[in-house]
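Please treat every number below as a calculation from the coordinates, not as lab data. Bear in mind that the values here come from a model prediction, so they are computed numbers and not experimental data. Using ideal geometry, Cβ is built from the backbone for each residue, glycine included, and neighbour counts are taken over all protein chains shown.
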Amino acid sequence: MKHTKILVAALFCLGLAAVSCAEKEKGYEPLQPDLKILLYPQGQTVDAGIVENGVQITQGPGEDNGLRGEEKMNERGNISNVNDSARMEIYFPKNPNGLVIVNCPGGGYSIVSSINEGLCAAEWLTSQGVTVCNLIYRLPNFHRTVPLTDVQNAFRYCRAHAAEWGCSKVGVMGYSAGGHLAASASTLFVDEITRPDFSILIYPVIDLDLAITHKGTRLRLLGENPSEELLEHYSLNKQVSDNTPVTFIALSSYDKTVAPENSIRYYNALHEHNIECQLHMYPLGGHGWGFYHEPYSKDKLEQYREVFYADLGRFLKDCCPDK
């Protein structure tokens, strides 16, 4: 299969390249994306998306998030100040199973956790035959429409190329605030192109009720004093419908950062609408365990890692188009 590689500015590669070099010295060589594609080749201040061979593939950026300058990456792979650099990093498995996942790392809508919930996730998912589109999405910076616009444009791009990649189903996956974004994609889609075929939510923020929500996620998305209408709209358990996709939810029962009640409320809403759904709670892990492994970090999920992989692997197998 021949793919056209779109080169992006050197700053996109700088952080991961530095991490890669450091980890190679430890005997571990991270997976590298096959494609890196800017969501908005002309930047977020120009109302234009991706055009290929004269065909409009994605839509423009809509609202500008107001951030300027280069994005930044810390030593843990957490990316901040994402604006014009919003992009898709795409990984192809050796043996595609027909699934594409638009993967939304978390970070409280203040950073994008590109290693734990991005690169490391892509390593495991591609080993299962899944094509992965890691989304480095624009941070809202109080501009609430921005992240969902990016996810929906990623869906448009993946749908346009799915047949070329040997795939026919496109799902979404997200963690923490990225879980809120993935659940937004699963409930606030605008058409069948942007509707996920399946949804995977890992310790997600769901309800923006101050009693259970992650306050930083709510603040950066909606600001200090959001209206009741906005709180209702972005409390995604209240947006579940009969057309919400089949869903897998995983979390720790002792998560002190995002209350498990978020996942429980979403699961109950899915159940009320007769949506096929799974809820898996593990007794260890707390928050943010994602797909971290050595040499990046000690695995907080510990002995339940393989249980999680088995649970998620079964779900993915059930989603495969040839099942």
| query | Across 5 Å bins from the origin, how do the percents of Cα pairs in the stretch 48-137 run, short distances first? | reply | 3, 13, 20, 20, 18, 15, 9, 2, 0
| message | What does the net charge come to around Leu38 if you take all other residues with beta carbon closer than 10 Å to its beta carbon, with K and R at +1 and D and E at -1? | response | +1
| said: Give me the percent relative contact order of the stretch 10-319, please, defined on Cα pairs under 8 angstrom at least 6 residues apart. | reply: 14
| message | Quick query: amide H of Tyr282 versus all other amide H atoms, modeled in the peptide plane; which residues come in under 5 Å with a sequence gap of 5 or more or a different chain? | response | Leu251, Ser252, Ser253
| Please identify the trypsin sites (Lys or Arg not before Pro) of the stretch 25-102 that satisfy two criteria: DSSP loop assignment and at most 13 other Cβ atoms within 10 Å. Which are they? | Lys26, Arg68, Lys94
| said: Sort 222-231, 283-292, 118-127 by the packing proxy (mean of other Cβ within 10 Å over each peptide's residues), most packed first. | reply: 118-127, 283-292, 222-231
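What's the extension gain from Thr45 to Tyr309 if we count 0.36 nm per residue and subtract their Cα-Cα distance? All intermediate terms of the calculation are to be shown ahead of the outcome.
Working: separation 264, 0.36 × 264 = 95.04 nm, distance 4.08 nm.
Contour length minus Cα-Cα distance gives 91.0 nm.
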| query | In Å and whole numbers, how far do the C-alpha atoms of the stretch 92-134 stretch along each principal axis, longest first? | reply | 35, 14, 11
| query | Looking only at Ile206, Ile101, Ile193, which one moves most when the chain is put into a Gaussian network model with springs between Cα atoms under 10 Å? | reply | Ile193
| From the list (1) -0.19, -0.63, -0.75, -1.15; (2) -0.18, -0.62, -0.76, -1.27; (3) -0.22, -0.73, -0.86, -1.30, can you say which value of log10 I(q)/I(0) by the Debye sum over Cα atoms at q = 0.06, 0.11, 0.12, 0.15 Å⁻¹ was derived from the structure given? | (2)
| message | For a protection proxy built on the mean count of beta-carbon atoms within 10 angstrom, sort 148-160, 50-62 highest first, please. | response | 148-160, 50-62
| When the chain is fully extended, how far beyond the present Cα-Cα distance does Tyr254 get from Arg68, taking 0.36 nm per residue of separation? | 63.2 nm
| request: Please give, to one decimal in nm, the separation of the simple spin-label points placed at Val190 and Gln56, each 7 Å out from Cα toward the Cβ. | output: 1.0
| message | Expected output is a single nm value to one decimal: the length gained when fully extending between Leu210 and Asp322, i.e. 0.36 nm times separation in residues minus the C-alpha distance. What is it? | response | 36.0 nm
| remark: the stretch 69-208: antiparallel bridges as % of DSSP beta bridges, rounded to 5, reads 40
| Derived scalar couplings ³J(HN,Hα) [the stretch 282-297; Karplus, 6.51 cos²θ - 1.76 cosθ + 1.60; whole Hz; x for Gly, Pro] | 10, x, 10, x, x, 10, x, 6, x, 10, 4, 8, 5, x, 6, 6
| said: To check you understand DSSP bridge types, tell me what percent of the beta bridges within the chain (both residues inside) are antiparallel, rounded to 5. | reply: 40
| If Lys and Arg each add +1 and Asp and Glu each add -1, what is the summed charge of the other residues whose beta carbon sits under 9 Å from the beta carbon of Gly286? | +1
| remark: Given 131-143, 171-183, the highest-first ranking by average Cβ count within 10 Å works out to 171-183, 131-143
